[in-house]
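All remarks here apply to the structure that follows.
The values are calculated or read from the model by the stated rules, or taken from the named source; none is laboratory data. Values in this document were obtained by computation on a predicted structure and should not be read as measured data. Cβ sites come from the backbone with ideal geometry, for glycine too, and all protein chains shown count toward neighbours.
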Amino acid sequence: MSDIDIPEDHPRYESLLTRHRIEDGVDKGITSRQGLIAQGRGETFDYLLGERTIPSAAAAERAAAAYLLLAEHPVLSVNGNVAALVPGELVELAEATGADLEVNLFNRTEARMQAIVDHLREHGADEVKGLTADGRIPGLSHERAKVDSDGIGDADVVLVPLEDGDRAEALAAMGKVELVVDLNPMSRSAQSATVPIVDNIVRAVPNITRHARELATASREELQRIVDEFDRDEALAAAEQAIREGGED
Ligand code: PTJ
């Protein structure tokens, strides 16, 4: 697949394609300009990880799928970077797990909220939450505190990709299970996550969907076993070691 003119055998094909999606997201009013900087931070960690899903991230992705399938009300939180990078993949994950999609932005404007909702609908989403914003996450003073009371407000499990940390901490304080996708294992979001997924969002979301489909017929006991066997501290340590030493195969 190629939506830009990059030869598919270029050694940095995937990375260049991802950059192009983010640029395009900014042009379409979906991604904030700060999102370009966030992408650059992410690329640095991805480069050090070898631009691959390390084994501890694969285990985290399976545990995330199990949590989403066990949840009463799972919600996938969407920001401007995620909407630009994996819109169709998020819709597929929502379908595979029965999760709601909710737009939640740090740099919230009504125009960007609407652009992201429309973008997700163009990629097959039926309902996208976030515009009502009749709930608040306690302890947060910025725009990310605004949630739908029947969306993230009511969720027991939330997928939180690419954030700067304080909402992740606030959601954890509300007792919600947090599945965090962040290439930096030392970030506050990854550190406060129930399941830290140290992988690029472009690999993580399709991987979680694949696990969810595989586990669709698994018993609750089997799902619970996968959740119980996952060790977040071990996963964070393995990711940090892979970055520092290029290890973990
Ligand atoms: O769309 P908005 O207004 O909600 O704003 C979203 C951004 C991303 C701009 C905002 O949340 C932000 O500034 O985030 P930070 O503080 O730069 O944190 C983003 C984290 O995500 C960093 O730890 C990055 O390493 C990580 N990251 C960036 N790109 C990716 C990523 N992790 C996984 N996959 C990526 N592609």
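A few points about this structure:
- Contact annotation: residue pairs with Cβ atoms under 7 Å, 6 or more positions apart or on different chains, pairing a residue in segment 202-222 that is at pLDDT 95 or above with a partner that is in a loop (DSSP other than H, G, I, E, B) and not charged (D, E, K, R), are V202/V86; R203/T53; V205/V86; N207/T53.
- Any hit, segment 17-29, residues being out of contact with any His (no Cβ under 9 Å at 6 or more places or on another chain), within 13 Å of the ligand (Cβ to nearest atom), over 19 Å from N200 (Cα atoms) and in a loop (DSSP other than H, G, I, E, B): yes
- Filter pass, A57 being more than 13 Å from the ligand (Cβ to nearest atom), of a type in the set (A, V, I, L, M), farther than 17 Å from R21 by Cα and at pLDDT 95 or above: no
- A single member of L105, L36, L68, L17 is touching a Leu at 6+ places or on another chain (Cβ under 9 Å) and surrounded by 14 or more Cβ atoms within 10 Å (Cβ to Cβ), and it is L68.
- Residue in segment 121-140 that is within 21 Å of E23 (Cβ to Cβ) and assigned to a helix (DSSP H, G or I) present: yes
- Failed item in (1) at pLDDT below 95; (2) surrounded by fewer than 24 Cβ atoms within 10 Å (Cβ to Cβ), with D154 passing the rest: (1)
- Residue check for V157: under 19 Å from V91 (Cβ atoms) and within 12 Å of the ligand (Cβ to nearest atom): no
- Flag if D24 is modelled with pLDDT under 95 and under 27 Å from D118 (Cβ atoms): no
- A residue that is farther than 27 Å from L17 by Cα and either of a type outside the set (V, I, T) or more than 9 Å from the ligand (Cβ to nearest atom) (or both) cannot be found anywhere in segment 196-213.
- Odd one out for S187, checked against (1) away from the ligand (no atom under 14 Å from the Cβ); (2) buried (at least 18 other Cβ atoms within 10 Å of the Cβ): (1)
- One residue alone among L93, L48, L70 is more than 10 Å from the ligand (Cβ to nearest atom) and either more than 29 Å from A155 (Cβ to Cβ) or not hydrophobic (A, V, I, L, M, F, W, C) (or both), and that residue is L48.
- If the condition is being of a type outside the set (D, E, K, R), under 13 Å from the mean Cα position of the chain (by Cα) and either over 25 Å from D46 (Cβ atoms) or part of a strand (DSSP E or B) (or both), then segment 151-185 contributes V157, V158, L159, V160, P161, L179, V180, V181.
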